[in-house]
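The next block holds one structure in the form of structure tokens; read it before the comments.
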Amino acid sequence: MKKVAVILSGCGVFDGSEVNEAILTLLSLEEQGLSYNCFAPSMDFNSVNHIDNTEGDVRNVLVESARLTRGHISPLESLNVDDFQSLVVVGGFGVAKNLSNFAKGLDFEILPSFKEILCNFKKRKKWVGLMCIAPIVLPFIYKKPICTIGHCKDTSLFIERNGGTHVECEVVNIVCDNDNHIVTTPAYMLARNIIEAKEGINKLISKLAREIK
């Protein structure tokens, strides 16, 4: 069976994985007949109160991500690229906060274990799907990647300034970079409801299902 690795970054749009994106991704993988395993880094982070967007307590990314997978999840460092035909990175601000330092506005850095995994998928020319804000990492891994985060001007300029090509895209569509084996969709960068997010995510997973061997 074709097997996909799914990377999560917590549980909640403001400090981790966007919950609807995560569940829709897992649902779509199952509907496409793809097997998957979920991974997240075991590291502490400052949580966010999702009612009033204030800072909460210190939590662990892996422990929080496990809420989305009913406990079926492994540390990111244990992800063996050779065990999987493809990779999906779920969006949410955890990508900017926990998988990179984009949220801090500093010189951009990607969590080393996450960067190594992306580089290994690239070297093996295996397909990678990224949604929402996750494509911000692509110019730092791939040469001239083509991708989308929807319409957000500041984020798309960040991608362009660092060597990527940003393509404006509606929430229900995907952008494919066949040379780099990348597929992206805006998801909740644009989605106004679950139905809109579902359509784009389904197209992303369908693309992976067609491409992976």
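The values are calculated or read from the model by the stated rules, or taken from the named source; none is laboratory data. Every value quoted in this text rests on a predicted model; they were computed, and no experiment measured them. Quick reminder, even Gly has a Cβ in these numbers, built from the backbone with ideal geometry, and neighbours come from all protein chains shown.
Worth pointing out:
- Within region 180-204, the residues that satisfy the criterion of being β-branched (Val, Ile, Thr) and either in contact with a helix residue (DSSP H, G or I) (Cβ under 9 Å, 6 or more places away or on another chain) or surrounded by 24 or more Cβ atoms within 10 Å (Cβ to Cβ) (or both) are Ile182, Val183, Thr184, Thr185, Ile194, Ile201.
- Residue in region 98-107 that is touching a Lys or Arg at 6+ places or on another chain (Cβ under 9 Å), at pLDDT below 95 and of a type outside the set (Val, Ile, Thr) present: yes
- The number of residues in region 133-148 being surrounded by 23 or more Cβ atoms within 10 Å (Cβ to Cβ) and under 16 Å from Ile110 (Cβ atoms) comes to 8.
- Hits in region 6-23 - residues which are buried (at least 24 other Cβ atoms within 10 Å of the Cβ) and over 11 Å from the mean Cα position of the chain (by Cα): Gly10, Cys11, Asp15
- Scanning region 24-35 for residues that are polar (S, T, N, Q) and within 13 Å of the chain's Cα centre (by Cα) yields one hit, Thr25.
- Residues within region 166-190 that are in contact (Cβ under 8 Å) with a residue 40 or more places away in the chain and either among the small types (Gly, Ala, Ser) or in a loop (DSSP other than H, G, I, E, B) (or both), tallied: 5
- Residue satisfying all of: in region 26-76; part of a helix (DSSP H, G or I) and of a type in the set (Ser, Thr, Tyr); nearest to Ile7 (Cα to Cα) among these: Ser65
- The one condition in (1) within 22 Å of Lys125 (Cα to Cα); (2) out of contact with any Ser or Thr (no Cβ under 9 Å at 6 or more places or on another chain) that Thr184 fails to fulfil: (2)
- The residue of region 154-188 that is nearest to Lys198 (Cα to Cα), among those that are of a type in the set (Gly, Ala, Ser) and touching a strand residue (DSSP E or B) at 6+ places or on another chain (Cβ under 7 Å), is Ala187.
- Qualifying residue in region 1-23 (condition: touching a His at 6+ places or on another chain (Cβ under 9 Å) and within 13 Å of Thr69 (Cβ to Cβ)): no
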